[in-house]
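Scroll down for the structure; my scribbles are underneath it.
The values are calculated or read from the model by the stated rules, or taken from the named source; none is laboratory data. A quick note: this is a predicted structure, and the numbers were derived from the prediction, not measured. In this analysis, Cβ positions are derived from the backbone assuming ideal geometry, glycine residues included, and neighbour counts consider all displayed protein chains.
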Amino acid sequence: PNSTRESSSERGICRYYEKCAFMKPYKLTMIQHLTNGDKVFLIPRFYECIQDGRIHSSKMGHHNDVLEILDRRPQVSTAVVEPYNAILTTHSTLNHSDCAFMVDNEAIYDICRRKLGIEHPSYANLNRLISQVVSSITASLRFDGALNVDLTEFQTNLVPYPRIHFPLVTYAPVVSADKAYHEGMSVAQITAECFEPVNQMVKCDPREGKYMACCLLYRGDVVPKDVNVAIAAMKGKRAIRFVDWCPTGFKVGINYQPPTVVPGGDLAKVQRAVSMLSNTTAIQEAWGKLNDKFDLMYNKRAFVHWYVGEGMDEGEFTEARDDLAALERDYEEVALESSSVTIKEDEF
């Protein structure tokens, strides 16, 4: 049964991809929900189809960007086994993606509640905010700007080691629709907000880690001069720690197209916005929490029989957990190898 399922899945994946004429020949950008049980089987098979040549590499290229969504919030949880699914899928795709932007439902939930005043956010609320972030990250593919940043540059500028490819995403401003005509934020203000944990797409504390690289993607009414001033102000605070073996400058992108919002939605239409992609060792905190939840269930072998019944080997759980433990150690070693240094006045 397992081989039959995998065979039909592979055929379906390959047929679907071959029909996608809009896919860029140099890049695959995928959004995957790590805690969905189906993705434990389908996403790894998709990458294997690419690697084995069943999906033509001439259409694919070599660089894969992935937006990975983690569930850790009881209020929006859809399955008890989400920690299993997240770790199994991450393990299966770790060597197949070059740069993965994670989104934590817990963090998105808190942003909706605290910043947008939504007492009980639904998946629609969460998805609209995620869509805004994805739109901001990929804006340079669709619109012109002073300093456009192509997706291929993310890996070059943000990933110092192959496994350390999980940048932290921050978005600002997050303003509710009812404050649209009462709040206007300057370039300096939205830049400063990017370094506030409340605007992060993943729950972790950057103050406990060290930055390896930062990429600031502006869109809307933004000019390079204002960006210079904003970054200089952040450097003046000298409160951001970088590893000592990596340049402490910023990669900057400016796109002229202002952010768009869903009519009647949660977010206000603003003149300018920014997404920050930062590779920081603080992201290991998110992996640690996920690993702990995995351990709570797996120590009792709870629900494992469902996966074994679908054709998985119990040893795959141990292998996946060991791989994620190694990923945590990788981030720890990156932080330990460097001494604490603050931002210096250098070019970006």
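Whether a residue is out of contact with any Asp or Glu (no Cβ under 6 Å at 6 or more places or on another chain), more than 26 Å from residue 229 (Cα to Cα) and outside any loop (DSSP other than H, G, I, E, B) was assessed, and residue 188 does not pass this test.
On inspection, residue 256 does not qualify as at negative phi, surrounded by 19 or more Cβ atoms within 10 Å (Cβ to Cβ) and among the aromatic types (Phe, Trp, Tyr). Scanning the range 215-237 for residues that are modelled with pLDDT of 90 or more and either surrounded by fewer than 16 Cβ atoms within 10 Å (Cβ to Cβ) or farther than 23 Å from residue 175 by Cβ (or both) yields 221, 223, 224, 225, 228, 229.
Give me the residue from the range 134-151 that is among the β-branched types (Val, Ile, Thr) and surrounded by 20 or more Cβ atoms within 10 Å (Cβ to Cβ) and, out of that set, farthest from residue 268 (Cα to Cα). Filtering first and then ranking leaves 149. Filtering the range 152-185 to residues that are crowded, with 17+ Cβ neighbours inside 10 Å and part of a loop (DSSP other than H, G, I, E, B) leaves 159, 164, 165, 166, 167, 173, 174, 175, 185. For the range 199-251: of the residues being of a type in the set (Asp, Glu) and part of a loop (DSSP other than H, G, I, E, B), which is farthest from residue 284 (Cα to Cα)? Result: 221.
Applying the set (1) within 30 Å of residue 243 (Cβ to Cβ); (2) of a type in the set (S, T, N, Q); (3) buried (at least 16 other Cβ atoms within 10 Å of the Cβ) to residue 125 leaves exactly one unmet item: (1). If you go through the range 291-305 and keep only what is exposed (fewer than 12 other Cβ atoms within 10 Å of the Cβ) and not basic (Lys, Arg), you end up with 292, 296, 299, 305.
Residues that are modelled with pLDDT of 85 or more and crowded, with 16+ Cβ neighbours inside 10 Å number at least 3 in the following helices (runs of 4 or more DSSP H) confined to the range 48-121: 82-93, 105-114.
The single condition from (1) under 30 Å from residue 207 (Cβ atoms); (2) in contact with a Ser or Thr (Cβ under 9 Å, 6 or more places away or on another chain) that residue 298 fails is (1). Residue count for the range 252-283, restricted to those that are outside any loop (DSSP other than H, G, I, E, B) and within 25 Å of residue 158 (Cβ to Cβ): 16.
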